[in-house]
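Please read the structure below before turning to the comments.
The values are calculated or read from the model by the stated rules, or taken from the named source; none is laboratory data. This one's a predicted model, so the numbers in the text were calculated from it and none came from an experiment. Here the Cβ positions follow ideal geometry from the backbone for every residue, glycine too, while neighbour counts run over all protein chains shown. With ligands, DNA and RNA removed, areas are computed over all heavy atoms of the protein, side chains included. Shrake-Rupley method; radii C 1.70, N 1.55, O 1.52, S 1.80 Å.
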Amino acid sequence: MTMSGGEPFPEFIRSLPQVDSPLASLRGWMLQTGEALAMFYEIPDGVEVPEHAHGAQWGVVIEGTVEFTIGGETTTYGPGDTYYVPDSVAHSAVIHPGFVGIDVFADADRYTARKTEF
């Protein structure tokens, strides 16, 4: 469901602060409050995310697929599917090429905004 111009998110989303992520292929934008952080993102090349844990996370797949292993159980999610990672539960993921999604983190400081250089 790509927008006109080939972008998965409209301009007002792409005008949000960019996410500073350790995943080199992630291109994302964040909306942050004192209580949570929402991330709108795409991973064109795919990536494997090693096992880790943090506060609760909820997400929805817009395009593509992801194999999430949450608490030792692996499930594949596709467009329209939602997933939930409870607080402090170990999880990992294999995100396939062409992935677009939205994640909401209970940890409001899960990510920071990428610093822009002038």
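Quick one: would you say LEU23 is open to solvent by less than 70 Å² (accessible area, probe 1.4 Å), in contact with a strand residue (DSSP E or B) (Cβ under 9 Å, 6 or more places away or on another chain) and at pLDDT below 95?
Taking the combined requirement at face value, the residue satisfies it.
Kindly list, by first and then second residue, each pair from a residue in the range 42-65 that is in contact (Cβ under 8 Å) with a residue 60 or more places away in the chain and charged (D, E, K, R) to a residue that is outside any strand (DSSP E or B) and open to solvent by 20 Å² or more (accessible area, probe 1.4 Å), limited to pairs with Cβ atoms under 8 Å and residues at least 6 apart or on different chains.
Taking only residues 6 or more apart or on different chains, the pairs are GLU63/MET1; GLU63/THR2; GLU63/PRO79; GLU63/GLY98.
Answer with yes or no whether VAL104 is in contact (Cβ under 8 Å) with a residue 60 or more places away in the chain, open to solvent by 40 Å² or more (accessible area, probe 1.4 Å) and within 13 Å of the chain's Cα centre (by Cα).
On the way: in contact (Cβ under 8 Å) with a residue 60 or more places away in the chain: yes; open to solvent by 40 Å² or more (accessible area, probe 1.4 Å): yes; within 13 Å of the chain's Cα centre (by Cα): yes.
Judged against the criteria, VAL104 is a match.
Would it be correct to say that THR82 is in contact (Cβ under 8 Å) with a residue 24 or more places away in the chain, of a type outside the set (D, E, K, R) and out of contact with any Cys (no Cβ under 7 Å at 6 or more places or on another chain)? It would help to see each step written out before you state the result.
On the way: in contact (Cβ under 8 Å) with a residue 24 or more places away in the chain: yes; of a type outside the set (D, E, K, R): yes; out of contact with any Cys (no Cβ under 7 Å at 6 or more places or on another chain): yes.
Considered against the rule, which asks whether it is in contact (Cβ under 8 Å) with a residue 24 or more places away in the chain, of a type outside the set (D, E, K, R) and out of contact with any Cys (no Cβ under 7 Å at 6 or more places or on another chain), THR82 comes out as yes.
Scanning the range 78-101 for residues that are under 18 Å from TYR41 (Cβ atoms) and of a type in the set (S, T, N, Q), which turns out least open to solvent (accessible area, probe 1.4 Å)? Lay out the reasoning, then the answer.
Our first condition is that a residue be under 18 Å from TYR41 (Cβ atoms); within the range 78-101, this holds for 78-85, 91-101.
With of a type in the set (S, T, N, Q) added as a condition, the list becomes 82, 92.
Details: THR82: 72, SER92: 29 Å².
Of everything passing the filter in the range 78-101, SER92 is least open to solvent (accessible area, probe 1.4 Å).
For the range 31-77, which fully contained strands (runs of 3 or more DSSP E) count at least 1 residues that are charged (D, E, K, R) and surrounded by fewer than 17 Cβ atoms within 10 Å (Cβ to Cβ)? Explain how you work it out, then say what you get.
On the way: elements: 37-43, 47-52, 57-63, 66-70, 73-77.
Filter on the range 31-77 gives 47-52, 57-63, 66-70, 73-77.
Exactly one condition in (1) at pLDDT 95 or above; (2) open to solvent by less than 20 Å² (accessible area, probe 1.4 Å) is not met by PRO8; state its number.
Condition not satisfied by PRO8: (1).
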